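**Q** One structure coming up, written as structure tokens, with questions to follow.
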Amino acid sequence: MPYAHITGWGMAVPESVLTNDDLSRIIDTNDAWIRDHTGIRERRIARESDFPSTLAVEASIKALKVANLKPTDIDLIICSTSSPEYIFPATACLIQDQLGASKAGAFDLLAACTGFIYATNMAAQSIRSGSIKNALVIGAETLSRFVDWQDRNTCILFGDGAGAFVLQASDEPGGVLSAVMHSDGSGGDSLSLPGGGSRIPATEATVHEGKHYIHMDGKAVFRFATRVMGHAAREALELAGLTTNDVQWIVPHQANFRIIETAAKYLKMPLERFVINVDRYGNTSTASIPIATVEAVEKGQIKSGDKIVLVGFGAGLTWGALVAHWTGPLSTERNVHPEIYPTWARVRSLLRRIIRFIEVLSGAETHSGLE
Ligand code: UT7
């Protein structure tokens, strides 16, 4: 049975920075309150031209470069997102098209902030089963588009961004070692975006009632998060036959510094072994774990040979953890330029549209001819 190694990684965040002081000019809040209660100092907010797919493509090209793969080498794209560009088509298909990943299957996965753990586990299982060789797993969000900027309970928390991993089959032991995935739908009301689905379709009234914004019972989510984070990490470690002593780094979902502190206490591990960047990006939901991992690798904190635990929680309610043996790229050659493929993909896509347009025109002529 092949092993599923994490062989490439990349991240992308919008350029625009929104600081706590900026927020205090919009709503009744202040820098000291936000830092004390969440640990957040600033977050990145999507510009008009930023979407989950554009951020994802930027992160994916970087990840493919590290793995030394072309977009056409990818068999499967899983995009975890809670802010898809459309209900359908899937954001993963937009990414597939923009990358020019012409041989890949593509689908979205929604497990909120835990989604990247679910998606990485699903990709690893597909590789282990032998059904695919190379997968691209992405966490991408622009939740700022669903935030009520008058609700100080939520608008201070969220930021935008994307992170991507390439997973590849190898006979060498390593890669994803174990994972646990949990859910409790009875807590779904504590964090939701009620409008816009088939139960509450968009109407003038739903817009007026604020149904298309994120709704959150912060205290309930806080209590749930502090209960499950450490427990899930320990469960995944046990499944891998490891203990916290065998692990170099924990990469937690970046929602709130106080939640991470509680998990560290539960696991009896020093905070220095937790990757933390919530101060600079806020809560980027499903993108937070890959963004934090990529930064830790690029800073030289996570190194080849390290064992790491990714652990998260989110709406659903969902939570989970994944243990990986970090090995790095399978091939150290650097001769692939995945960034040229999106240009070809755009040309191909344009040609396809022109052909479709001509087909429609000629169809219309035939039709009118029959009349
Ligand atoms: O990916 C999962 C996403 N969600 C989460 O992780 C959320 C988890 N929950 C939390 O992080 C925290 O519950 C919050 C940061 C949302 C809130 O912190 P808290 O310590 O639970 O504050 P609180 O809701 O108990 O509010 C305390 C006080 C209240 O005032 P009163 O009633 O005591 O006078 C709030 O009105 O702080 C007030 N408050 C604020 N003050 C200034 C709430 N939000 C703000 C704010 N600025 N932004």
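**Q** Tell me, what is the Rg over Rh of the chain, with Rh the Kirkwood radius over Cα pairs?
**A** Numbers: Rg = 21.3 Å, Rh = 21.2 Å.
My calculation puts Rg/Rh at 1.00.
**Q** Okay, moving on. Here is the link list: 103/303; 62/103; 133/303. Which ones come out longer than 22 Å on Cα distance?
**A** Details: 103/303 31 Å; 62/103 19 Å; 133/303 24 Å.
Pairs exceeding the cut-off: 103/303; 133/303.
**Q** Using r as the Cβ-Cβ distance of residue 261 and residue 212, and R0 as 35 Å, what FRET efficiency do you calculate, to the nearest 0.05?
**A** Using R0 = 35 Å, I get an efficiency of 0.60.
**Q** Whole Å is fine, so just give me how far the alpha carbon centre of the stretch 212-279 lies from that of the stretch 71-107.
**A** The stretch 212-279 and the stretch 71-107 have Cα centres separated by 29 Å.
**Q** Let me ask something additional. With a 1.4 Å probe and all protein chains left in place, how much accessible area per residue does the stretch 3-325 have, in Å²? Let's see the in-between values first.
**A** On the way: 12860 Å² over 323 residues.
On a per-residue basis, the stretch 3-325 sits at 40 Å².
**Q** Rounded to whole Å and sorted largest first, what semi-axes of the equivalent ellipsoid does the C-alpha gyration tensor of the stretch 159-205 yield via the square root of 5 times each eigenvalue?
**A** Values: eigenvalues 283, 57, 22 Å².
In descending order, the three semi-axes are 38, 17, 11 Å.
**Q** Please give me the summed charge of the neighbours of residue 132: other residues whose Cβ is under 14 Å from its Cβ, Lys and Arg +1, Asp and Glu -1. Intermediate results must be reported in sequence, preceding the final value.
**A** Numbers: positive: 103, 128, 133; negative: 73, 75.
Residues close to residue 132 contribute a combined charge of +1.
**Q** Considering the zone a paramagnetic label at residue 337 would reach in this model (a point 7 Å from Cα along the Cα-to-Cβ line), which residues of the stretch 2-32 have amide N under 15 Å from it?
**A** none
**Q** While we're here: Could you list the square roots of 5 times each eigenvalue of the Cα gyration tensor of the stretch 12-97, that is, the equivalent ellipsoid semi-axes, sorted largest first and rounded to whole Å? Kindly include the intermediate steps, with their values, before the conclusion.
**A** Numbers: eigenvalues 221, 45, 24 Å².
The answer is 33, 15, 11 Å, longest axis first.
**Q** Can I ask one more? Give 211/299; 65/211; 65/307; 211/307; 70/211; 70/307 a once-over and call out the pairs whose C-alpha atoms are over 32 Å from each other. Kindly include the intermediate steps, with their values, before the conclusion.
**A** On the way: 211/299 41 Å; 65/211 41 Å; 65/307 23 Å; 211/307 42 Å; 70/211 42 Å; 70/307 27 Å.
The pairs that break the limit, which is 32 Å between Cα atoms, are 211/299; 65/211; 211/307; 70/211.
**Q** Would you mind calculating the gained length between residue 28 and residue 352 on full extension (0.36 nm times residue separation, minus the Cα-Cα distance), in nm to one decimal?
**A** Values: separation 324, 0.36 × 324 = 116.64 nm, distance 5.09 nm.
Here the segment from residue 28 to residue 352 would lengthen by 111.6 nm.
**Q** Taking the Cα centre of the chain as origin, sum charge times position over the Cβ atoms of Lys and Arg (+1) and Asp and Glu (-1), and report the length of that vector in debye to the nearest 20.
**A** On the way: 34 positive and 40 negative charges, 133 e Å.
Around 640 debye, computed over the chain.
**Q** Okay, moving on. Going from most exposed to least, what order do 268, 62, 303, 211 have by accessible area with a 1.4 Å probe? Intermediate results must be reported in sequence, preceding the final value.
**A** Working: 268 170, 62 85, 303 115, 211 65 Å².
Ranked list, largest accessible area first: 268, 303, 62, 211.
**Q** Could you pull the Cα extents of the stretch 257-345 along its three principal axes, largest to smallest, in whole Å?
**A** Over the stretch 257-345, Cα extents along the principal axes are 47, 31, 23 Å.
**Q** Next up: P(r) for the stretch 163-267: what percent of alpha-carbon pairs falls in each 5 Å bin, starting at zero?
**A** 2, 9, 15, 15, 16, 13, 11, 8, 6, 3, 1, 0
**Q** How much length is gained if the chain between residue 359 and residue 48 is pulled fully straight, taking 0.36 nm per residue apart and subtracting their Cα-Cα distance, in nm to one decimal?
**A** My answer for the length gained is 108.6 nm.
**Q** For the chain, build the charge dipole from Cβ charges (+1 Lys, Arg; -1 Asp, Glu) around the Cα centre, then report which of 63, 101, 12 sits farthest towards its positive end.
**A** 63
The values are calculated or read from the model by the stated rules, or taken from the named source; none is laboratory data. Only a predicted model underlies this, so the values are computations on that prediction, with no experimental measurement involved. As a convention, Cβ positions derive from the backbone with ideal geometry for all residues, glycine included, and neighbour counts pool all protein chains shown. Quick note on the areas: whole protein, heavy atoms, side chains included, nothing else; ligands and nucleic acids left out. Shrake-Rupley method; radii C 1.70, N 1.55, O 1.52, S 1.80 Å.
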